[in-house]
Amino acid sequence: MKTKLLFPRKFKYVGLVISAIFIVMGIYNMYFTFTLEIYTPFEVEGLLGSSSPNELTDEILGAGLIIGLMMLAFSKEKIEDEFVGKMRLESLLWAVYVNYILLILTFFFVYGNPFLDVIIYNMYTILIFFIGRFNFLMYRHLQTPEID
Amino acid sequence: MKNTIRIQRAVKNITQAQLAEAIGVSRQTINTIESGKYVPSTVLALKMAKVFEKPVEELFELEEGE
């Protein structure tokens with residue numbers, strides 16, 4: 001695994017803190033009125049439509065959570081060897097499978113406004129599934145006893 | 001894939017941790033290689049061969065059907 005594509009180890013803890021904060025704010029923002037009161041002094045035309053955000057809470061929460069989760073997901077392990085690289089690749093594949101299978105199920109069984117909620121969650125679940133799977137595999141790997 | 005790593009380690013009297021450090025992997029990875037759960041890359045196998053001063057074929061052997 002080309003380790004130059006991974007964040008330094010310390011980023012994992014930074015990412016964990018950022019993700020925790022933004023997940024809480026994000027979920028709260030989905031179901032209650034919530035604003036960070038960060039306003040732009042100007043209005044901007046959307047790239048694909050005409051709505052223009054003036055208050056940046058949604059944008060900051062959305063992007064912030066992505067960045068936090070990516071730092072948490074793609075930081076180097078303490079020892080980066082080829083076995084860890086293999087675990088990382090297999091975990092990514094696993095996360096993609098699980099994410100899309102669940103997404104297909106939601107197409108058929110969830111409709112209306114809840115469906116939009118699921119689609120919003122779906123932006124992040126692939127990273128979350130990867131983080132869970134990879135760290136679980138690494139934990140199991142690091143627990144293997146010494147044999148001498 | 002069969003391997004004789006554990007025997008070679010005993011012969012040379014080094015621990016998993018020492019072998020791991022010599023070739024730049026974690027001790028647990030040595031464990032997964034020895035127990036046959038993971039097939040190392042060519043580079044890693046060659047590094048092991050160098051540590052034990054044996055040819056690679058003496059460390060690793062293809063099994064029937066591979």
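The values are calculated or read from the model by the stated rules, or taken from the named source; none is laboratory data. Please read these numbers as outputs of a predicted model, since none were measured by experiment. Cβ: placed from backbone, ideal geometry, glycine included. Neighbour counts: every protein chain shown. Ligands, DNA and RNA are excluded from the accessible area calculation, which covers all protein heavy atoms including side chains. Shrake-Rupley method; radii C 1.70, N 1.55, O 1.52, S 1.80 Å.
Points worth noting:
- With respect to (1) in a helix (DSSP H, G or I); (2) in contact with a Phe, Trp or Tyr (Cβ under 7 Å, 6 or more places away or on another chain); (3) at the interface with chain A (Cβ under 9 Å from one of its Cβ atoms), the lone exception for B:GLN8 is condition (3).
Here's the yes/no breakdown for (1) open to solvent by less than 50 Å² (accessible area, probe 1.4 Å); (2) touching a Pro at 6+ places or on another chain (Cβ under 8 Å); (3) more than 30 Å from B:VAL43 (Cα to Cα); (4) of a type in the set (A, V, I, L, M):
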{"residue": "A:LYS86", "(1), (2), (3), (4)": "no, no, no, no"}
{"residue": "A:LEU92", "(1), (2), (3), (4)": "no, no, no, yes"}
{"residue": "A:TYR97", "(1), (2), (3), (4)": "no, no, yes, no"}
{"residue": "A:LEU102", "(1), (2), (3), (4)": "no, no, yes, yes"}
{"residue": "A:THR106", "(1), (2), (3), (4)": "yes, no, yes, no"}
{"residue": "A:PHE115", "(1), (2), (3), (4)": "no, no, yes, no"}
{"residue": "A:ILE120", "(1), (2), (3), (4)": "no, no, yes, yes"}
{"residue": "A:TYR124", "(1), (2), (3), (4)": "yes, no, yes, no"}
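- Any hit, region A:123-137, residues being modelled with pLDDT of 95 or more, within 14 Å of chain B (Cβ to nearest Cβ), within 30 Å of B:ARG9 (Cβ to Cβ) and under 19 Å from the mean Cα position of the chain (by Cα): yes
- The selection criterion, being away from every other protein chain (no Cβ under 14 Å), of a type in the set (A, V, I, L, M) and over 19 Å from A:GLU146 (Cα atoms), does not hold for B:VAL43.
- Total residues in region A:1-33, condition closer than 16 Å to A:ASP58 by Cα and either open to solvent by 70 Å² or more (accessible area, probe 1.4 Å) or touching a Lys or Arg at 6+ places or on another chain (Cβ under 9 Å) (or both): 7
- Annotation for region B:39-57: no member residue is among the basic types (Lys, Arg), part of a strand (DSSP E or B) and under 11 Å from the mean Cα position of the chain (by Cα).
- Restricting region B:18-44 to residues that are hydrophobic (A, V, I, L, M, F, W, C) and free of Cβ contacts under 8 Å to residues at least 12 places away in the same chain, the residue that is least open to solvent (accessible area, probe 1.4 Å): B:ALA20
- Selection count, region A:34-83, where residues are in a loop (DSSP other than H, G, I, E, B), open to solvent by 70 Å² or more (accessible area, probe 1.4 Å) and touching a residue at least 24 places away in the same chain (Cβ under 8 Å): 1
- One residue from B:GLU53, B:GLU66 being among the charged types (D, E, K, R), more than 18 Å from A:GLU82 (Cα to Cα) and at pLDDT below 90: B:GLU66
- The single condition among (1) free of Cβ contacts under 8 Å to residues at least 12 places away in the same chain; (2) among the aromatic types (Phe, Trp, Tyr); (3) closer than 17 Å to A:LEU6 by Cα that A:PHE130 does not satisfy is (1).
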